[in-house]
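Please treat every number below as a calculation from the coordinates, not as lab data. Quick caveat: nothing in here was measured; it's all calculated off a predicted structure. Because the Cβ atoms are built from the backbone with ideal geometry, glycine has one as well, and the counts that use them run over all protein chains shown.
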Amino acid sequence: MPLRARRLIHTVFHLVVYYIIHTLFSLYVRVRLAYHSVSYALSTALLYHHRSPEYVERDTAGLRKRPQHLSVVLKLADEARAGPELERLVDEAADLAAWSASAGIPVLSIYEKTGRLLSHTVIRRHPPHTNMI
């Protein structure tokens, strides 16, 4: 067999093997991605559907230490759409407050660069410290 024919057969063989391996790996990646997407969606729907405080308490019950102060930085994504973005910030702040209260974190600080969240809501900057005995 001439040298050119051997090289051609060799090249074609390598290309076929490459495409087979590539196809199998691509199929594996897609199946794995679909499996993880479905399992994540199911666990989200079953475990965190109602976002109830019991779930947060259960998730944080195993922690050895809990922070005494949680600080969060929120960002106003698009200032041109201030209305919907401001509502999103208020919703996120409310979710964070509910989560930190459920987790047993006594102090929550929320920072937002533009100051629109503070001007939109009535927030007490320094809550009074009272001793209730």
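Taking amide hydrogens as placed 1.01 Å from N in the peptide plane, the amide H of Leu70 sits under 5 Å from those of Val107, Leu108, Ser109, each at least 5 positions away in sequence or on another chain.
Using the Cβ-Cβ distance between Leu46 and Lys113 with R0 set to 41 Å, the FRET efficiency works out to roughly 0.65. Using the Karplus relation 6.51 cos²θ - 1.76 cosθ + 1.60 with θ = phi - 60°, the per-residue 3J(HN,Hα) values for the range 31-46 come to 5, 5, 5, 5, 4, 5, 5, 5, 5, 5, 5, 5, 5, 5, 5, 7 Hz, with x marking Gly and Pro.
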